[in-house]
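Peer 1: Here it is, the structure in full.
The values are calculated or read from the model by the stated rules, or taken from the named source; none is laboratory data. Just so it is clear, the structure is predicted and the values come from calculations on it, not from any experiment. A quick note on method: Cβ atoms are made from the backbone with ideal geometry, for glycine too, and the neighbour counts reach across all protein chains shown. Only protein heavy atoms, including side chains, enter the accessible area calculation; ligands, DNA and RNA are left aside. Shrake-Rupley method; radii C 1.70, N 1.55, O 1.52, S 1.80 Å.
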Amino acid sequence: MAEVVVTGMGMCTAMGPFPDFKHEPAVAHSKELEGLPHTTAAVIDSIDLKPWLKRRKDRKLMARPSQLALAAAGAALVDWGDTREHMGLYVGVGREPGDDGESVPALIAASRDGRLDEAAVAGPCRDLYPPLLPLKTLPNMALAHVSIHLDIRGENGAWCGGAAAGLTAVRAALWSVIEGRCEAALVVAADTWVTAGAVRDLLRAAQGEPIEAPGEAGVALLIERPESAVNRSAPVLAHLNTSRNGAPSLGPKKHRPWLGHCHAADAVLSVGMSIALRRESSWIEAREGGQPPVGIAVSVPPSCAWYDPLEAGDGRG
């Protein structure tokens, strides 16, 4: 059976880096959503990137999913060290996020009498569109920012979509490690749907049906071969493999009453919560529309004792 172990983990959620479902849910009324048919969301108050940024001003180049990804990824690598030349990086993210208003003049110029005009798109809209804006908003920029700021240079890949995108990244990382294409791999999933624009899109897609409270999260898992973990005396937080073997199903929804619907981060967040809550065995599965399901088996040993590495005083990399 193909198996890897998890030896590092980081989470950035609306309930902090170590969500505790015994506390009040983070889902709450959002002022930004006032006036919409849905007004609750699980929003992260602030994302601490200071330990991981090479330059503080680089934060301005990062869309929020990239910030969530970097916050989780940095924490997952606290105990690894600086040798990351051959570490793999696999990322699951949502669709292209909206910008912070930089494209508004171009969008206005693209319309005539309240409708999109193709000639205007090819003319004044193009002239006003910020040429570097896609470098901030393209989904795979989450992978680029994590790679740049954490010096990860091995094999990599990014998948865009819903919860299955994160699990696809997990499985790709698992096989990369097992086949020896990288000595270890960092898997990251990040997404956010808490803005007014994102919620409007969710409401349109729901066609009048109620929607779940949206959320945002970043989660990262450091995986390696079992013998590698033994050689460097690393604590094993969990075992991952692709065979269910009767493990009970844990869909990517259990955390949503507390942390909201985090879309591309949901399934890997379920893996992280299985570890944090020390669930002995679980099968986590997700599916994109019209596609076969993607799943991963998680087993947590009784000796697992995961704590937020920054709070535990283990350093900041």
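Peer 1: What figure, in Å² to the nearest 10, do you get for the accessible area of Thr137 with a 1.4 Å probe and non-protein molecules left out?
Peer 2: For Thr137, solvent-accessible area is about 10 Å².
Peer 1: Tell me, what is the percent relative contact order of the chain, built from C-alpha pairs under 8 Å that lie six or more residues apart?
Peer 2: Over the chain, the number comes to 28 percent.
Peer 1: Let me ask something else. Run through the DSSP bridge list for the chain and note the antiparallel percent, rounded to the nearest 5.
Peer 2: Percentage antiparallel, nearest 5: 70.
Peer 1: Count charges around Ala41 for me, please; just the other residues with Cβ under 12 Å from its Cβ, Lys/Arg as +1, Asp/Glu as -1.
Peer 2: Details: positive: Lys31, Arg256; negative: Glu32, Glu34, Glu212, Glu216.
So the environment of Ala41 carries a net charge of -2.
Peer 1: OK, next. Report the dimensions of region 52-179 along its three principal axes from the alpha-carbon atoms, largest first, rounded to Å.
Peer 2: For region 52-179, the Cα extents along the three principal axes come out at 57, 32, 19 Å.
Peer 1: Less than 9 Å Cβ to Cβ from Ala264, Lys/Arg counted +1 and Asp/Glu -1: what total charge do the surrounding residues give?
Peer 2: So the environment of Ala264 carries a net charge of -1.
Peer 1: Another one. Which value does Rg/Rh take for the chain over its C-alpha atoms, Rh per Kirkwood? List each step's numbers first, then the result.
Peer 2: Values: Rg = 19.9 Å, Rh = 20.1 Å.
Value, to two decimals: 0.99.
Peer 1: Let me ask something else about it. Determine the per residue accessible area of region 128-233 with all protein chains present and a 1.4 angstrom probe, expressed in square angstrom.
Peer 2: 41 Å²
Peer 1: Taking the 0 to 90 degree range and rounding to the nearest ten, how far is the long axis of helix 163-178 tilted relative to the main principal axis of the chain, both from C-alpha atoms?
Peer 2: So the helix axis and the longest Cα principal axis differ by about 40 degrees.
Peer 1: In addition: Per the Kirkwood formula on distinct C-alpha pairs, the Rh of region 55-121 is how many angstrom? Walk me through the numbers before you get to the answer.
Peer 2: Working: mean 1/r = 0.0637 Å⁻¹.
Taking every pair of different Cα atoms in region 55-121, averaging 1/r and inverting gives 15.7 Å.
Peer 1: Taking one equal scatterer on every alpha-carbon of region 137-182, how large is log10 of I(q)/I(0) by Debye at q = 0.16 1/Å?
Peer 2: -0.48
Peer 1: Expressed as an acute angle from 0 to 90° and rounded to the nearest 10, what is the orientation of the C-alpha long axis of helix 141-150 relative to the principal long axis of the chain?
Peer 2: In the chain, helix 141-150 runs at an angle near 50 degrees to the longest axis.
Peer 1: Note the angle between two axes, namely the Cα long axis of helix 64-76 and the longest principal axis of the Cα atoms of the chain, as a number of degrees from 0 to 90, rounded to the nearest 10.
Peer 2: So the inclination is approximately 10 degrees.
Peer 1: If you take every DSSP beta bridge fully contained in region 88-227, what fraction is antiparallel? Give it as a percent rounded to 5.
Peer 2: If I count the DSSP bridges inside region 88-227, around 50 percent turn out antiparallel.
Peer 1: If one computes the Cα centroid of region 125-165 and of region 44-122, what distance in Å separates the two points?
Peer 2: The two parts, judged by their Cα centres, are 7 Å apart.
Peer 1: Sticking with this one: Expressed as a fraction of 2.2 N^0.38 Å, the rule-of-thumb size for a compact globular protein of N residues, what is the C-alpha radius of gyration of region 179-317?
Peer 2: Expressed relative to 2.2 N^0.38 Å, the Cα Rg reads 1.19.
Peer 1: Follow-up. For Lys136, go through the lysines and keep the ones whose alpha-carbon is under 29 Å away, minus same-chain ones fewer than eight residues off.
Peer 2: Filter leaves Lys31, Lys50, Lys54, Lys57, Lys60.
Peer 1: Hey, any idea what % of the chain's accessible area is carbon plus sulfur with a 1.4 Å probe?
Peer 2: Summing carbon and sulfur atoms, their accessible area is 51 percent of the total for the chain.
Peer 1: Antiparallel as a % of all DSSP beta bridges within region 1-158, to the nearest 5?
Peer 2: Expressed as a percentage, antiparallel bridges in region 1-158 total about 60.
Peer 1: For every helix of n ≥ 4 consecutive DSSP H residues, a contribution of -39,500 (n - 2.57) applies; sum these over the chain, divide by its total residues, and give [θ] at 222 nm rounded to the nearest 500 deg cm²/dmol.
Peer 2: That comes out to -7000 deg cm²/dmol.
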